[in-house]
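**Q** After the structure tokens below, expect a handful of questions from me.
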Amino acid sequence: MAINARKPYPSQPVDGIERYHGNQLVYLSWDRHLIFAAPFITCVLPGLRFGEFVDTVLAPLIAADPDAAVIDWTKAQWLKANQPFAPDFARSLADNGIGHKDQLRLQTPWLNTVCGGAAG
Amino acid sequence: MDMKVQKAKLGLKERYRLMTRDLGWTPSYQPPEALFPYAGYEGIVIHDWEKWEDPFRLTMDAYWKYQAEKDRKFYAIIDAQAQNNGHLNITDARYLSALKIFLQAISPGEYAAHKGFARVGREFPGVGTQVACQMQAIDELRHAQTQIHALSNYNRYYNGFHAFIQQRDRIWYNSVPRSFFDDAMSGGPFEFIIAIGFSFEYVLTNLLFVPFMSGAAYNGDMATVTFGFSAQSDEARHMTLGLECIKFVLEQDPRNVPIVQRWLDKWFWRGLRLLSLVGTMMDYMLPKRVMSWAEAWDIYGEDNGGALFRDLARYGIRPPAGWADAGKARDHISHQFMLALYQWSFGTAFHGWIPSDDDMDWLSAKYPDTFDRYYRPRWMHFRKLAEAGTPFRNVGLAKLCQTCQFPCVFTEADDPTLLCHRELEREGHRYHFCSDHCQTIFEHEPEKYVQAWLPMNQLFQGTSGGGGIENWMKWVNLVDGQDNGDFEGSQDQRNFAAWKGQSTTNAR
């Protein structure tokens, strides 16, 4: 559908990557770990190695959950744009195909101490 | 000498005719389309504006008289409240968080509604509609003023009230109500009146005003009760205007039905999202509670709304698309939102807190299917961290919905253990949504919503104060350590206790 307007309606997104001074936005969720009320928004360099991203950006954000300390990263599962995704920890975000405003979801179905019970 | 005897007074009907319908005229220098350029582009077809029935038959002279009388009463009570330290009569200073949210989020909305109704009063061709919209425009302005005046007395004593004007535009959570009204005001006149006049004022306003004003009464807040009463007769008129408007539009032409239906789908959902703040207030922020959000939803949403949409079915209107999902979210949203406000309270101009054992028992009783199962464990975890001296602060910022601009705190309609993730790509850009319904709203008018000014994203662009949390706090006029954070240990908590003590004991 297109907007209904009396005149041409030119509009520009205000969130393009060019506005982030060389960085890009990446959204992060840890499925079923709901002590964190919403997905996180992060602003990072596209050249950051994925492993470094996990260690320096993701890990501090989720440290308040007791499960965070015992995540086995070799077994962790990921979704990107809600589709299964296998990141290479040694390569950069860009090389992994993680672009501006992509949403990553971390899944650790064997862990859920606080929010309990449900399988993930 | 023969003189014609003048009738002493005009009859009601005649007065109404002269003071409303008779004020209109048929233009001769310009075609009607040039005078009313916005009346046609939305696709709504009106054959006869004379069919518009004004249910109140209120004329401007009578209107001024009634409103002046109400204002006199209102300001007499507000003065008395201020002179008698009425702020110490509230049940507990935690209650103030509800007032701060109201002043920051809702009162500016009254002002936005004033601007919107003033505009559509000019844009609608029918004179009956013009006069009704003009009165509502003045009502909304009066509501904004009386609310600000009523709450200004609290601003003399407590934190978080002082910068509501700047915070309306700048602080992250207020982009929810702001975008709601901006969206309505940037629509055409028919969409605006269906959005605000019908969907908000008629379908949802009872969920806002009844619990809020009863909550004020239960918690000793005379100022809020007074502006509530002063607004109540206006609200009745607004609701009737909203209902009259939708029936008038639906009766004029069958082509109007699908357009109106889409607006109902959209504005019901946007309104519901906005009101999740009210649910949080009812379930968590009132020290003495009136009813739960779930109970209010059953009465004012399910029962009243259900009856309304059964009544509209004869025009071919069905309940809004989000109706069933709204019912499923009933037992969840207030908990999800208070948990969020608590963990982000470093960035709010009001206080959050962990509910007490008594509070949690009340919540279990009101939400037997959800509270103990899903939400108590999270609160208990937060309490454990607080007691250990390491209170939980969510150090991350939140992903916002491109449409409603809420942080994406909402779970899947059928799975309360999983956050709802929705996204789409358009012209090389990616957009995220809190729900299917917000995504659908975007898909209908993507050109509008791609421009959304999302506060979290802007923070990273460096536009909100120049980058960094400290600059951001200055920019939003948030005084760190006073306006924000946990209620436990706050200046509001200490001052209220001290002043209350002085008023009831010999403490100095």
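**Q** What does the charge dipole of the range B:47-158 about its Cα centre add up to, to the nearest 20 debye, if the Cβ of each Lys and Arg holds +1 and the Cβ of each Asp and Glu holds -1?
**A** Its charge dipole is roughly 420 debye.
**Q** Counting pairs of alpha carbon atoms under 8 Å apart in space and at least six apart in sequence, what relative contact order in percent does the range B:427-479 give?
**A** In percent, rounded to a whole number, it is 14.
**Q** Mean separation of Cα pairs under 8 Å and 6+ residues apart, divided by the residue count of the range B:1-142: what relative contact order is that in percent?
**A** After rounding, I find 35 percent.
**Q** Further question: Please report B:M213, B:M3, B:M60, B:M185 as a ranked list, fewest other C-beta atoms within 10 angstrom at the top and most at the bottom. Don't skip to the end; give the middle numbers.
**A** On the way: B:M213 20, B:M3 5, B:M60 14, B:M185 17.
The fewest-first ordering by Cβ neighbours comes to B:M3, B:M60, B:M185, B:M213.
**Q** Now for a different question. Using a 7 Å offset from the Cα along the Cα-to-Cβ direction at both B:D372 and B:N85, what is the distance between the two label points in nm, to one decimal?
**A** Between B:D372 and B:N85, the label points sit 4.3 nm apart.
**Q** State the Cα centre-to-centre distance between the range B:348-417 and the range B:197-272 in whole Å.
**A** 29 Å
**Q** Taking the Cβ of each residue in B:V120, B:V225, A:V70 as the centre, tally the other Cβ atoms inside 10 Å and list the residues starting with the fewest.
**A** Values: B:V120 28, B:V225 21, A:V70 10.
Ascending Cβ contact count within 10 Å gives the list A:V70, B:V225, B:V120.
**Q** Relative contact order for chain B using alpha-carbon pairs under 8 Å, separation at least 6, rounded to a whole percent?
**A** 17 percent
**Q** Rounded to the nearest 10 degrees, what's the angle between the helix B:175-185 long axis and the longest principal axis of chain B, both from Cα atoms, 0 to 90?
**A** With rounding to tens, the tilt is 10 degrees.
**Q** At q = 0.14, 0.21 Å⁻¹, work out log10 I(q)/I(0) for the range B:347-472 with the Debye formula, treating every Cα as an identical point scatterer and leaving solvent out; two decimals please.
**A** Each listed q corresponds, in turn, to -0.86, -1.22.
**Q** Counting pairwise Cα distances across chain B, what percent come out greater than 37 angstrom?
**A** The share of Cα pairs beyond 37 Å in chain B comes to 32 percent.
**Q** Gap in Å between the Cα centre of the range B:89-123 and the Cα centre of the range B:132-154?
**A** First find each Cα centre; the distance between them is then 8 Å.
**Q** Enter the mean projected area of the convex hull around the alpha-carbon atoms of the range A:19-107, in nm², rounded to one decimal.
**A** Spelled out: convex hull of the Cα atoms, projected over all directions, averaged, 5.6 nm².
**Q** Over the C-alpha atoms of the range B:250-332, what are the Rg and the largest Cα-to-Cα span, Dmax, in Å?
**A** Cα-based Rg and Dmax for the range B:250-332 come out at 14.9, 50 Å.
**Q** Taking each pair of distinct Cα atoms in the range B:161-224 once, what is the resulting Kirkwood hydrodynamic radius in Å? Intermediate results must be reported in sequence, preceding the final value.
**A** On the way: mean 1/r = 0.0727 Å⁻¹.
Value: 13.8 Å, from the Cα pair sum.
**Q** Please state, to two decimals, what the Cα-based radius of gyration of the protein assembly as shown comes to when divided by 2.2 N^0.38 Å (N = residues).
**A** Details: Rg = 26.2 Å, N = 628, 2.2 N^0.38 = 25.4 Å.
Against the empirical 2.2 N^0.38 Å value, I get 1.03 for the protein assembly as shown.
**Q** Count the DSSP beta bridges whose two residues both fall in chain A, then state the antiparallel fraction as a percent rounded to the nearest 5.
**A** Roughly 70 percent of the beta bridges in chain A run antiparallel, per DSSP.
**Q** While we're here: Could you list the square roots of 5 times each eigenvalue of the Cα gyration tensor of the range B:4-139, that is, the equivalent ellipsoid semi-axes, sorted largest first and rounded to whole Å?
**A** 39, 24, 10
**Q** If you restrict to DSSP beta bridges whose two residues both lie in the protein assembly as shown, what percentage is antiparallel, to the nearest 5?
**A** 80 percent
**Q** Please rank B:E412, B:E191, B:E387, B:E201, fewest neighbouring Cβ atoms within 10 Å first, as an exposure proxy.
**A** B:E387, B:E412, B:E191, B:E201
Each value in this text was obtained by applying a stated rule to the coordinates, not by laboratory testing. These numbers were taken from a predicted model, which means no experiment stands behind them. A quick note on method: Cβ atoms are made from the backbone with ideal geometry, for glycine too, and the neighbour counts reach across all protein chains shown.
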